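See below for the structure under consideration.
The values are calculated or read from the model by the stated rules, or taken from the named source; none is laboratory data. All of these numbers come straight from a predicted model, not from anything done at the bench. For neighbour counting, all protein chains shown are included, and Cβ atoms are generated from backbone atoms with ideal geometry for every residue, glycine included. For the accessible areas, the whole protein counts, side chains as well, though only heavy atoms, and no ligand, DNA or RNA atoms are used. Shrake-Rupley method; radii C 1.70, N 1.55, O 1.52, S 1.80 Å.
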Amino acid sequence: MRAALIIAAKDLKVELRSKEMLSAMFLFSLLIVLAFRFGFSNAVNSGAVGLPELASSALWICFSFAAILGMYTSFAKEKDRETLDGLLLAPVDRSDLYLGKALSNLIVVFFVDLLSIAFFALFFSFDYGGQALAVVALALLGSVTLVLVGTLVAAISVNTRAREALLPILLIPLIAFSVIVPSVTATKNAMVGGIGDSVQQIESVAAFAAIFAVLGYLTFDFVLEG
Amino acid sequence: MIDAMTVTKRFGRRIVLNGLDLKIGDGEIIALMGPNGAGKTTLLRIMSTLAEPTRGDVLLDGKSVYDDPVISRRSIGVVGHSTYTYDDLTALENLRFFWSLYGMPRKEFEAAGKALLQRVGLSHRMNDRVAVFSKGMRQRLAIARAILHSPKVLLLDEPFSSLDEKGNEVLAQILAEERSRGCSILIVTHDVQRISSLADRAEVLVRGKIERSFDRASIARGELEAGYRASSDGGIV
Amino acid sequence: MRMDRKKLGTILVVVSVVLILMTVYLAVFFAPLPQTGVKSAGEILSSVEGSKLKVAGFVSAVYSIHFGMLDGPDEVIFSLADFRDYGRYLQANATHSLNQQWWTVRPIDIKSISGGLNPRMGPNLGGVIVVGANLSMDGIVTSNTIAPNSNVTGFSLSSGSGNDITFGSVGSFGLMTAPVAQKIFYFHMPSAWACYLSFGVTLVGSALFLRTRDHKYDRVAYSSAEIGIVFATIAITTGPVWARQEWGVYWRWDDMKLVTTFVLWLVYIGYLSLRAAISEPSAKARVSAVYGILSFITVPMSFLSSRVAPLLQSSHPQVIATSSGSLSPQAGMTIGIAVVAFTVLFITMLIKRVEIAEAEEELEELKRKIGDEE
Ligand SMILES: Nc1ncnc2c1ncn2[C@@H]1O[C@H](COP(=O)(O)OP(=O)(O)OP(=O)(O)O)[C@@H](O)[C@H]1O
Ligand SMILES: [Mg+2]
């Protein structure tokens, strides 16, 4: 656990210096929200699509893809700059490495989530009303699950050729019903009424977080072996 | 003391190491030579727990390093093909990160980190980001990184490459100091000249096996040079 | 030894072919088409609570009645399954919904009603009344009005309450015979089962490989995944054939069962892509074993999607849960034999596929030896 924190702190420090992941993810989430703004401008202006419906879907598409980009970078960087072996040589459990990476990924991903939530409000003149906090909380919960499975799958894909393409192929089907569908529903519910209608969805996302955490903790060892 | 016992490594159907034995006693420096693709780096990775052997075992002071690799890694230092350092951190920050990762007492780092950089001759650049370092400077930092936890075993993969004259002297000095501490040292190299003055023994690895071994006396007689050339003529295996 | 194995393989192939042919025969000529909808008064009564009839138990949530038919025939007969689908379909188009309308539900014997309307006129009927979110409806069905196990075959439905029928007799719904496409069920359900089984074997093979590092488990794992994808493909393509007849559409993106099964299929396609993207055999086996374990979470997701608290609704039939009461003995026997047939087929294919995998590796070995000699 201590090692996990050390690794996460290192990742964040490197990230704050280079801003490689952050800047890419920032632009990415900005562009996705803008793409929705332009793509759906007729539908929104004519009222054919309600803003809460659009917001919940757009936000989660944005969260998911930005997270995939970030998690991919976090391992690809260690691999490409040949620093991964240095971590593997350290007297640290692989599962701590998993937790450390997941933690640093979570912090970066959650930060970008917050930006996307703000972008959406900005470009759609959307008022979260009193529900901004609920939306943020749901983003955090969903991101935890996303990062727990994503970190494992990113480590899997980093072993392969064509890994940029492979990560979404491997990850999106896994998060579709564990994260995206329930989170979109819960987020929409939160925006139109209250987070209270979504107990089932929240429980489901949390349960998957637990399942992925256990699987990642147990199997990460095998993924990074040379 | 580290002891590779009948280590076999296969990558799919290709047998890279074939029942290889290699023993390095305390305070010994062993040179491992051999043509490109002979399996030297592969052996080093196996001895440093980065890869598991297909068959055979590696014993560290009589216990398999794979029993509890996490504990074993505390006693192993590695200078690899790459430096394992982060470009966006300074030299000192890099060392601090690995210092804490190796579970060394945080308070002692202030003094120890500077002393390490002093030893490899980087103390005047300790607050520069590694991104701006030259190749040789990075290699020096990699050496500091490898010895910061005073390992019992030091494994170096072509450490002389990219080091200047001064750097080589620094490395030789460090190796001598580590040896006198009782560290078992394995150096993979193609540099016969350089290793002749350092090594207690030189082993030549060809086709996954130790083909020839030269002791100190025969190295001194210059037999290593001729013998190594003959093995290398076998070409890439 | 080698000979024995070959013999066993041949026997298995013959047995699977015989069983599959038998399934085809039974499905086509033996098993009757089941009747969808309400079966007996006993069953109706099981969902009567007090004076309220939970229509949701028979017709999912909403259904619709053709408004414009009020001047037409007195009775309109719908299949319950039709209701399900048209209800959903029409809900989106319902502009003149009479949400708060109370409906009277009356048990009837539709056999005595003559001149029923073609139930499959489809959703293009105009003017629709939708009973909105009201899942339970006021009804006059009580335990007093129907004797248990009397021959109730349907309901008549009229607006208003009691005898006060505002718009006239609107319709009734009840027993309908399933379309012939229903027969595909005997292949659809067993192939879904076989695909779950295959992916289960992949899970076990992957876990055993990580434990033992014995490549024979890896061969079993990926062979089984490939076969599982074949079965999943069968399940996914036979489903729409049935759905077109029963629901009026090939595919429903709002049905949890369908989409989770599709995702299951995608995940295992991903598993094979992952394998194709790693060249070093031991890394390939190791890394894909982890993904093979991770992928399995989509199996319970798909299997349980129409049973456990669904995130989306599902109108997919739940076979196992209701098989005790709803399948006729002939249908039960057919499905039983079909499941056995597909299981044997899976085992046969797995053994053959593993043999091929072994042969492939042997070939690699021989190639390497030839290369060495040169
Ligand atoms: N991950 C791997 N997958 C497949 N083959 C590998 C892998 N790593 C090494 N090999 C093979 O093992 C053999 C030995 O490689 P290794 O890197 O150990 O050689 P080396 O002795 O260090 O050579 P050099 O002097 O060039 O550094 C080579 O034939 C190489 O192709
Ligand atoms: Mg090498």
Long-range amide H contacts for B:Thr54: which residues qualify at under 5 Å (H placed 1.01 Å from N, peptide plane, sequence gap of 5 or more or a different chain)? B:Thr8, B:Lys9, B:Arg10
Mind grabbing the accessible area of B:Asp87 for me, 1.4 Å probe, Å², rounded to tens? 50
Once normalised by the length of chain B, the mean sequence separation of its alpha carbon contacts under 8 Å that are 6 or more apart gives a contact order in percent of 30
If you take the beta carbon distance between B:Lys63 and A:Arg17 as r and set R0 to 45 Å, what does 1/(1 + (r/R0)^6) give as a FRET efficiency, to the nearest 0.05? 0.65
Ordering C:Val230, B:Val79, A:Val192 by the accessible surface of their heavy atoms, 1.4 Å probe, largest first, yields A:Val192, C:Val230, B:Val79
In whole angstrom, and with the biggest value first, how far do the Cα coordinates of region A:87-201 range along each principal axis? 50, 30, 28
Using a 1.4 angstrom probe and counting only protein chains, how large is the accessible area of C:Trp242 in Å², to 10? 40
Three-way shape call for chain A based on the alpha-carbon gyration tensor, with the a/c threshold at 1.5: prolate
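As a test of reading the structure, rank A:Leu30, C:Leu210 by solvent-accessible area (1.4 Å probe, protein chains only), most first. Kindly include the intermediate steps, with their values, before the conclusion.
Working: A:Leu30 40, C:Leu210 15 Å².
Most to least solvent-accessible, the answer reads A:Leu30, C:Leu210.
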Residue-ordered couplings for region C:334-346, obtained by feeding phi - 60° into the Karplus form 6.51 cos²θ - 1.76 cosθ + 1.60 and rounding to whole Hz (Gly and Pro as x), are 4, 5, x, 5, 4, 5, 4, 4, 5, 5, 5, 4, 4
Counting only C-alpha contacts under 8 Å and six or more residues apart, can you give the relative contact order of region B:52-149 as a whole percent? 35
Table column - 3J(HN,Hα) (Hz), region A:68-80, Karplus curve with 6.51, -1.76, 1.60, x for Gly and Pro: 4, 4, x, 5, 4, 4, 4, 8, 4, 5, 4, 5, 5
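Can you put C:Tyr186, A:Tyr217, C:Tyr222 in order of accessible area, largest first, using a 1.4 Å probe? Display every interim value, and only then the final one.
Details: C:Tyr186 5, A:Tyr217 110, C:Tyr222 30 Å².
Sorted descending by solvent-accessible area, the residues read A:Tyr217, C:Tyr222, C:Tyr186.
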For region A:33-125, treating each Cα as an identical point scatterer without solvent, what Debye log10 I(q)/I(0) comes out at q = 0.16, 0.19, 0.24 1/Å? -0.72, -0.87, -1.16
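How much length, in nm to one decimal, is gained on full extension between C:Val230 and C:Ile11, taken as 0.36 nm per residue of separation minus their Cα-Cα distance? Write down the numbers at each step before the final one.
Numbers: separation 219, 0.36 × 219 = 78.84 nm, distance 2.22 nm.
So the chain would gain 76.6 nm between C:Val230 and C:Ile11.
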Within region C:219-246, name every residue whose backbone N is under 20 Å away from a label modeled 7 Å from Cα of B:Arg10 along the Cβ vector. C:219-223
Pairing the Cα long axis of helix A:94-123 with the longest principal axis of chain A, what angle in degrees results, from 0 to 90 and rounded to the nearest 10? 20
Quick check: pseudo-label points 7 Å beyond the Cα along Cα→Cβ at B:His81 and A:Ala24, how many nm apart are they? 2.3
For region B:1-68, what does the alpha-carbon gyration tensor say about shape, rounded, prolate or oblate, given a ≥ b ≥ c as the root eigenvalues, a/c under 1.5 as rounded, and a/b over b/c as prolate? oblate
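Can you give the FRET efficiency for C:Ser328 and C:Glu364, using 1/(1 + (r/R0)^6), R0 = 41 Å, r = Cβ-Cβ distance, to the nearest 0.05?
Working: r = 53 Å, r/R0 = 1.29.
Between C:Ser328 and C:Glu364 the formula returns 0.20.
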Dipole of chain B, positive direction: furthest Cα of B:Thr85, B:Ile30, B:Asn168, with charges on the beta-carbon: B:Thr85
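Any idea what the relative contact order of chain A is, in percent, if you count C-alpha pairs under 8 Å spaced at least 6 apart?
Numbers: 242 pairs, mean separation 61.1, N = 226.
Result for chain A is 27 percent.
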Along each of the three principal axes of the Cα atoms of region B:1-153, give the extent in whole Å, ordering the values from largest to smallest. 47, 31, 27
Do the sum for chain A: with -39,500 (n - 2.57) for every DSSP H run of n ≥ 4, divided by all residues, what is the mean residue ellipticity at 222 nm, to the nearest 500 deg cm²/dmol? -27500 deg cm²/dmol
Which value, in Å² and to the nearest 10, is the accessible area of C:Thr10 when all protein chains are kept and the probe is 1.4 Å? 80
Hey, with R₀ at 51 Å, roughly what FRET efficiency would B:Ser180 and C:Ile269 work out to, going by the Cβ-Cβ distance, to 0.05? 0.30
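Looking at the square roots a ≥ b ≥ c of the eigenvalues of the Cα gyration tensor of region B:109-157, which shape do they give, rounded for a/c under 1.5, prolate if a/b is larger than b/c, or oblate?
Values: a/c = 2.47, a/b = 1.25, b/c = 1.97.
It is oblate, given that a/c is not under 1.5 and a/b is not larger than b/c.
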